[in-house]
1. Quick one: of the DSSP bridges fully inside the chain, what percent are antiparallel, nearest 5?
2. Report the local net charge at ALA18: Lys and Arg +1, Asp and Glu -1, summed over other residues whose C-beta lies under 13 Å from its C-beta.
3. Given TRP176, PRO124, ALA147, which one lies farthest toward the positive end of the charge dipole of the range 124-181, if we put +1 on the Cβ of every Lys and Arg and -1 on the Cβ of every Asp and Glu?
4. Between the helical axis of 83-93 and the dominant principal axis of the chain, each derived from Cα atoms, what acute angle in degrees is found, rounded to the nearest 10?
5. Net charge near ARG246, counting Lys/Arg +1 and Asp/Glu -1 over other residues with Cβ under 10 Å of its Cβ?
6. With angles folded into 0 to 90 degrees, how steeply does helix 176-185 sit against the dominant principal axis of the chain? Use alpha carbons for both and round to 10.
7. Cα-based Rg of the chain per 2.2 N^0.38 Å, rounded to two decimals?
8. Output the peptides 11-17, 220-226, 129-135 sorted from most to least packed, where packing is the average of other Cβ atoms within 10 Å over each peptide's residues.
Amino acid sequence: VMRIGVLTSGGDCPGLNAVIRSVVHRGVVDHGDEIIGFHDGWKGLLECDYRALDLDAVNGILARGGTILGSSRVRPEHLRDGVARAKEHVADLGLDAIIPIGGEGTLKAARLLSDSGLPIVGVPKTIDNDITSTDVTFGFDTAVGVATEALDRLKTTAESHQRVLIVEVMGRHTGWIALHSGMAAGAHAIVVPERPFDIDELTDLVGKRFAAGKKFAIVVVAEGAKPREGSMEFDEGGKDVYGHERFAGVARQLSIELEERLGKEARPVILGHVQRGGTPTAYDRVLATRFGWHAVEAAHQGHFGMMTALRGTDIRLVPLAEAVEHLKTVPAERYVEAECVL
Ligand code: F6P
């Protein structure tokens, strides 16, 4: 029997509630554990702000988007000053394990706390799918589904008006959502952050389509995509107060450029947080549930400093240290398969 704390940190993502529910089910029902949920990510641990999670508390949340615990972005360097406080609260609360669910920043913070001696089992999440040591993160399938549906819908209006629609999807550092939704919807060009684009090449690709008699074009672009140096004037946007990229809108800038170059009407469409909201797909619910189950198992077996990961069809544990080493980017051979990645 253990006392386990769970928290969700960083940008939210469909499937977080499914993990929380799974942790409570596996812990309470199968092991007789006591589970507490910290509010708003690491902030809850630092401020000792939490609530008990019993079966009633997680009733009906499997299909719900967002997180019942709330989330916030606390950077690891902020947490560093709070390590002593976190340790004190873990001791006061008599916690035997902490399960933080989060993306890159959260897992870095998890590693920091783990290195300081706290019993941590991480669960990876991000719609961006850019965590190296797991084949897939939950949230990605949902985001790709939302983006694909939007692209399908945008095709019909683009065709009616003979326009170029430049659709900006999420993906700060990686183009997984752009690539998968673009492939699924048959986009005519896909622009990813991994490979800075050449505006002449993009103009050519879209121009050839019109020259071949087609009446419209759909370009999918990841929000973090940038032009090749010297290719076009570009406002990168800078950083926000938290040190995060503040994008100036690659779709907006591309639509102006392509309209002028092609002599065709172009419009930017920014999908934004709609990709992160709402109910998770069945795939994401299953993956999230399996992660939660295995995180509790890992805690009971004393496998701390680890993170759950999908490898093939199995759930494995990988060291937190390995998890945050570098981001999983779209490999160049995938561009070829999509046929229209710049
Ligand atoms: O990391 C997930 C993500 O959705 C990115 O794709 C996106 O750039 C970022 O979070 C947006 O963050 P925020 O919700 O803080 O605007």
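Nothing in this text is a laboratory measurement; each read-out follows from the coordinates by a stated rule. Everything quoted here is computed from the prediction, not taken from an experiment. Glycine also receives a Cβ, built like all others from the backbone with ideal geometry; neighbour counts cover every protein chain displayed.
1. Numbers: 12 of 43 bridges.
Antiparallel bridges make up about 30 percent of those DSSP assigns within the chain.
2. Working: positive: ARG21, ARG26, ARG64, LYS125, ARG285, ARG290; negative: ASP12, ASP141, ASP284.
The answer is +3.
3. ALA147
4. Once rounded, the angle reads 50 degrees.
5. Values: positive: LYS239; negative: GLU236, ASP240, GLU245.
With Lys, Arg at +1 and Asp, Glu at -1, the net is -2.
6. Orientation of helix 176-185: about 50 degrees from the principal axis.
7. On the way: Rg = 21.6 Å, N = 342, 2.2 N^0.38 = 20.2 Å.
The chain yields a ratio of 1.07.
8. On the way: 11-17: 27.4, 220-226: 25.6, 129-135: 22.1.
Put in order of decreasing packing, that is 11-17, 220-226, 129-135.
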